[in-house]
Structure formats: structure tokens, C-alpha cells
């Protein structure tokens with residue numbers, strides 16, 4: 001006679017899901033925060049208490065913004081912004097190129113912007129952006145309005 005199998009125990013901290021709901025953030029939002037743009041207070045308000053997510057390409061986009069700041073005569077701002085970026089608790093995700101192409105074509109977005117929309121859709125999370133075109137596409141897509 002065999003012994004009964006041991007019960008499976010799955011332990012997790014459910015409070016984290018409630019306290020830190022996910023939010024996909026694009027470069028425009030983090031650049032406002034990191035490089036002290038006029039939209040900084042609004043960006044900070046919406047990021048507070050959220051688990052931040054972005055496609056892996058965000059590293060390149062933030063570095064590009066920093067390079068532009070440095071070239072425009074603000075090298076210290078660029079350096080400090082990148083230091084702050086490195087300290088962010090940010091979850092970076094791989095993407096699916098074919099899905100990005102389809103979203104980019106459907107909503108007339110760059111493939112880069114489509115990556116943020118795709119990630120928000122996959123995670124079932126809201127997307128924060130100051131980019132109006134991406135924002136309108138996200139509102140339609142995440143509502144289920146498919147052109």
C-alpha cells in the first residue's frame with residue numbers, strides 16, 4: 001500500500017498584488033521623471049505604488065534621451081538621470097516581433113511604441129504614456145476596440 005501523496009503548498013504574498021498593481025510605462029513617462037521635465041509631477045503621481053514594467057528596449061530609449069540632453073548642454077542632468085534610472089525597480093520584458101509588427105500596422109505606430117502596447121495587453125495592465133498617438137491606440141486596443 002502506498003502512502004498518500006503530500007499536499008502541494010503554494011505560498012505567496014498576495015498583498016504585493018494589491019499594493020503594487022502593474023503599470024507599463026513608456027519612455028516619455030520615465031524621461032519626464034528622470035530628467036525633470038515639466039510633466040514630472042504628473043508622472044510621479046501615477047507611478048507611485050505601482051509595479052513598473054517595460055519592454056527591454058526602454059534601456060536604449062532612455063540612453064538616447066540622456067545623450068540628447070548631454071548634447072544640448074546638460075551632461076550632468078543626463079548622468080544623474082541615468083543613475084536614477086539604474087536604481088529603478090523596473091521589470092523588463094522580452095517581446096514577440098511578429099505581434100509588434102501586427103500592432104504597429106493596425107494602429108499606425110512605430111514598432112517601438114507597439115512594444116509597450118503589446119506588453120500592456122499581455123500583462124493585462126494599464127499603459128502610461130505622454131505620447132498621444134500611442135495613448136489613443138492603447139485606449140482603443142485595451143478596451144477591445146479592434147480596427
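What the table below lists for this structure:
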{"quantity": "Helix-derived mean residue ellipticity, 222 nm - over the chain, DSSP H n ≥ 4, -39500 (n - 2.57), to 500", "calculated": "-17500 deg cm²/dmol"}
{"quantity": "Inverse of mean 1/r across different Cα pairs in the stretch 19-87, Kirkwood, Å", "calculated": "12.3"}
{"quantity": "With Cα atoms, 0 to 90° folded angle of helix 132-143 axis to the chain main axis", "calculated": "20"}
{"quantity": "Between helix 58-71 and the chain: long-axis angle, C-alpha atoms, 0 to 90°, nearest 10", "calculated": "20"}
{"quantity": "Rounded to 10°, Cα long-axis angle of helix 97-107 versus longest principal axis of the chain", "calculated": "60"}
{"quantity": "Theoretical FRET efficiency, 1/(1+(r/R0)^6), r = Cβ-Cβ of residue 111 and residue 39, R0 30 Å, to 0.05", "calculated": "0.80"}
{"quantity": "Projected area averaged over orientations for the chain, convex hull of C-alpha atoms, nm²", "calculated": "12.8"}
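Only the coordinates and a few stated rules stand behind these numbers; no lab work does. Being a predicted model, the structure only gives us computed values, none of them experimental. Because the Cβ atoms are built from the backbone with ideal geometry, glycine has one as well, and the counts that use them run over all protein chains shown.
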